[in-house]
1. Which order do peptides 44-55, 77-88 fall in by mean Cβ count within 10 Å, highest first?
2. Can you tell me how much longer the chain between Leu91 and Ala58 gets when fully stretched, taken as 0.36 nm per residue apart minus their C-alpha distance, in nm with one decimal?
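Rule-based calculations on the coordinates, nothing more; no lab input. Source: prediction; values computed, not measured. As a convention, Cβ positions derive from the backbone with ideal geometry for all residues, glycine included, and neighbour counts pool all protein chains shown.
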Amino acid sequence: MGEAERGEAAPRQAVSYFCSRGHSAVVTFAVEAVVPDSWDCPKCGLPAGRDSENAPPATKIEPYKTHLAYVKERRSDQEAQDILDEALQLLRSRRKSGDLIF
Ligand SMILES: [Zn+2]
C-alpha cells in the first residue's frame, strides 16, 4: 500500500541521452514503453542519442535561438533598447489603465 501512495505503481526505467554539445539527460519511461533511439536534448534542443561516445550530429541550425538573439542579430543594440523601452511603456500604460478600472 505504501508504494501505491508514492505513485510508483507502474515500474519505470531511466534512460540517458547524450547530445553533441556534451549535455546528458535522463528520461524516464514506463518499462513496457519502446525507448526511442534519439531524444531532443532538453538543454539545447539538439538531437541526443543513447551512446555517449557517439552523439548524433547537430543537423538542425541553432534550433533554440531566443527571440532576443533574433532581435540583436537584426537590429543594432540601440534599436533593441528602443523596442524594450516601448514594451515597458506599453506595460506601464496597461497597468495604469488597470488601476483606473479597479
Ligand atoms: Zn544539449
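1. Packing order, densest peptide first, comes out as 44-55, 77-88.
2. 8.0 nm
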